[in-house]
Structures are given as structure tokens and as C-alpha cells.
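Please treat every number below as a calculation from the coordinates, not as lab data. No experiment lies behind these values; they were computed from the predicted model shown. We place every Cβ from the backbone using ideal geometry, glycine too, and count neighbours over all the protein chains shown.
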Amino acid sequence: MILYAAEKGKFIEFADAVQANRGKKCNIYVNITNKCNCSCTFCLRNLKKMQEDHSLWLKQEPDIQTIRSAFAAINKDAVNEVVFCGFGEPTMRLETLLYSLRYVRSIWPEKKTRLNTNGLASLYYKKDTAPLFKGLLDVVSISLNASNAKAYLELTKAPLGLQAYGAMLDFAKECKLYVPEVVMTIVDSIGAEEIQACKKVCSEKNLKLRIRPYEAN
Ligand code: SF4
């Protein structure tokens, strides 16, 4: 599925969600890739069977024309927020992501846009990527995951190594110059001590933190 909605913990085609909600607006989630530059211990993408069975697993990554056609088939009145997120990491297809965001801005200028990311794009591409999102995003939500580089690496298994944590935080701070709302996220299952430590990291860097309930995806 490229465009989907989340209904009671399940992922369904956006059009089906609209029908189920009898026209009530809901968030539209945009899935453009299975790829990721992390290999988080908690990510079910890493289980082969799960990949094949999961409705979000893309047999083929959609090209720009396919993404445009998918949006064109949607009733925009049913759309609340447009969220670029998993199944994989959206910035793995940076050019397609930017094109899609520009396209959404052009057809639905009034809709709020959000990117859910691991925040590693600048490190991965070895260039400053935060400015590329200027004017395209209302919110960027970045997975903080942990309170320090070692714990982060243990959780994410980022091939980019120990430097990944600092690079993710630098990306977050820089995004504040270009995106109206920057939110760091952790899950509530990491333990009270680690949650406190994450709060301290965010407070020191003047970053907003959201603690969300853990859901096995
Ligand atoms: S960053 Fe997200 S998509 Fe990538 S491995 Fe971690 S949980 Fe999965």
C-alpha cells in the first residue's frame, strides 16, 4: 500500500478507511520505500516472514507517476494530515520524497504535512539535508530512541555507527530553522530512568519530546 490509514492498530487502504469512517477526516500515511539505513531491534521489517506478509511491504517501490496517480484518486476532503512515514525510512528515497512533498503542497496547499524519520539523512548523504524541507513540512517527527550514542546504536544497529546519535540530534536542531514544529519521539517501554535521561537531552537542546505508547508494528 502506498497511501493508507491506521485504524485501531491496523493499516488499511486510505479509501477503505474513509468508507469505514463515513467521511470523517483521517490522516493519510504515505509509504514510498521498504529500505532503511537502520536495523532497529524492534522493527518488524527485519523479520523476513513479516516483510512478505505485511500489507505495507512494497513489492515494487512506487515511481513518481504512481505516487501522483495514487494521490489523484483520493478525495481530499477526507484527508486530515499527510504523513510521510514507513514502512521503511522515507529519506532513503530523498528525491522522490521531496518531489512528493512539493506535489502535495501544490495540490493540497491547505493540508498539514509531516515527515516521520530517523533523522539520519544528513549523515547518510554526507550533506546538509534539513534546508531541503523548507516550506514543504509543517512537522518533522524524529525518532530519538535513546538518551546516548551507545544505547542508540544498540537499539538501531545503525551501520553509520556511534556518530549516528549526534548526527540525528544535529539534524533535529537544524530542522528548527526550516520546519515550524520539530518533535523527538521515544516509546514508553524504554524504562523510567531512560525516559528521564531522554527528557534531559531534549531539554538541554531545546527540543520537544513526545513519549508514545509502544506498539509492535
Ligand atoms: S528506523 Fe524505523 S524503519 Fe528503520 S529499522 Fe528503525 S524502526 Fe525500522
Set L209, L160: member being in a loop (DSSP other than H, G, I, E, B), surrounded by 14 or more Cβ atoms within 10 Å (Cβ to Cβ) and at negative phi:
L160
Sort through E154, E174, E194 and tell me the only one that's more than 16 Å from the ligand (Cβ to nearest atom), more than 27 Å from V82 (Cα to Cα) and either in a helix (DSSP H, G or I) or touching an Asp or Glu at 6+ places or on another chain (Cβ under 9 Å) (or both).
E194
Residue that is farthest from the ligand (Cβ to nearest atom), among those in the range 64-95 that are farther than 17 Å from I28 by Cα and in contact (Cβ under 8 Å) with a residue 12 or more places away in the chain
I64
Breaking point among (1) among the charged types (D, E, K, R); (2) in contact (Cβ under 8 Å) with a residue 40 or more places away in the chain; (3) under 26 Å from A6 (Cα atoms), for D170
(3)
Those residues of the range 1-47 that are of a type in the set (D, E, K, R) and within 16 Å of the ligand (Cβ to nearest atom) come to a total of 2
Exactly one of these conditions fails for G135: (1) without any contact (Cβ under 8 Å) to a residue 12 or more places away in the chain; (2) on the phi > 0 side of the Ramachandran plot. Give me its number.
(1)
Only residues that are in contact with a Phe, Trp or Tyr (Cβ under 7 Å, 6 or more places away or on another chain) and not aliphatic (A, V, I, L, M): list them for the range 136-147, please.
N145
Looking only at the range 96-132, how many residues end up being away from the ligand (no atom under 16 Å from the Cβ), aromatic (F, W, Y) and in contact (Cβ under 8 Å) with a residue 60 or more places away in the chain?
0
